[in-house]
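Down below is the structure, laid out as structure tokens.
The values are calculated or read from the model by the stated rules, or taken from the named source; none is laboratory data. Please read all numbers here as calculations on a predicted model, not as lab measurements. Neighbour counts are summed over all protein chains in view; Cβ atoms, including those assigned to glycine, are modelled from backbone coordinates with ideal geometry.
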Amino acid sequence: MEYSAKTIIPVSILSILLISFSVNFASAEPVPEWVKNTALWYGEGIISEAEFLNMIKFLIENNVIVIETLEKQVPKILNAEIFIPNGNFDVTGAGFYSPLNLEIPAGTTVTWINDDSVPHNIQSIGEKGKVIQLFNSPPMNTGDKFEFTFEESGVYNYFCSFHPWRVGIVTVS
Ligand SMILES: [Cu+2]
């Protein structure tokens, strides 16, 4: 059986309302007696829709009907850091990026921090080890930071163009 647009649209609206609001009728405030009459009169066509809606407005304003909006899903802000350690420039030393292979979920903002005594940069490199324009920092002095947000999963390599023996990896899942 095919669902016509007429069927689907009201169902969608209902779903949106169910997701958007949680109506709590079990409020501390009792339903006033006159509400029964107003509802009855509206049903019988004695009072107008505007009057009926005013009644509902009254019930909401006086906490007889409590509408609680559900907490919005705030996207998690993901952050990670990679340190360029002191001595990183030294080809004979063990000053690897820390961590050397950073593993993060997609959407993470990575901040590189230069903790070395000399300037470095961060240059993304492609499969053949050549610089590609994906994340490319200016020269970073000691204490400088550079950040990039990885939106897509994959394995990303980078190096420092001043010290190309220093290659690091960011793995995004
Ligand atoms: Cu460097």
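The sole residue among V91, V118 that is under 14 Å from S161 (Cα atoms), touching a Ser or Thr at 6+ places or on another chain (Cβ under 8 Å) and not acidic (D, E) is V118. Checked against (1) closer than 13 Å to R166 by Cβ; (2) more than 15 Å from the ligand (Cβ to nearest atom); (3) surrounded by 15 or more Cβ atoms within 10 Å (Cβ to Cβ), G129 passes all but condition (3). In the range 130-152, the residues that are in the same structural domain as S117 (by TED's automatic domain parsing) and more than 21 Å from N88 (Cα to Cα) form Cβ pairs under 7 Å with partners that are part of a strand (DSSP E or B) and among the hydrophobic types (A, V, I, L, M, F, W, C), at six or more places apart or across chains, as follows: I132/I125; F150/I104; F150/V110; F150/V170; F150/V172; E152/V172. Restricting the range 92-126 to residues that are aliphatic (A, V, I, L, M), away from the ligand (no atom under 11 Å from the Cβ) and closer than 19 Å to G154 by Cα, the residue that is surrounded by the most Cβ atoms within 10 Å (Cβ to Cβ) is V110. When E81, E68 are screened for being within 28 Å of the chain's Cα centre (by Cα), surrounded by fewer than 16 Cβ atoms within 10 Å (Cβ to Cβ) and without any contact (Cβ under 8 Å) to a residue 40 or more places away in the chain, only E81 passes. Of the set (1) modelled with pLDDT under 95; (2) touching a Phe, Trp or Tyr at 6+ places or on another chain (Cβ under 8 Å); (3) aliphatic (A, V, I, L, M), all apply to A50 but (2). Would it be correct to say that N88 is more than 16 Å from the ligand (Cβ to nearest atom) and either outside the structural domain of E33 (by TED's automatic domain parsing) or surrounded by 11 or more Cβ atoms within 10 Å (Cβ to Cβ) (or both)? No: the conditions fail for N88.
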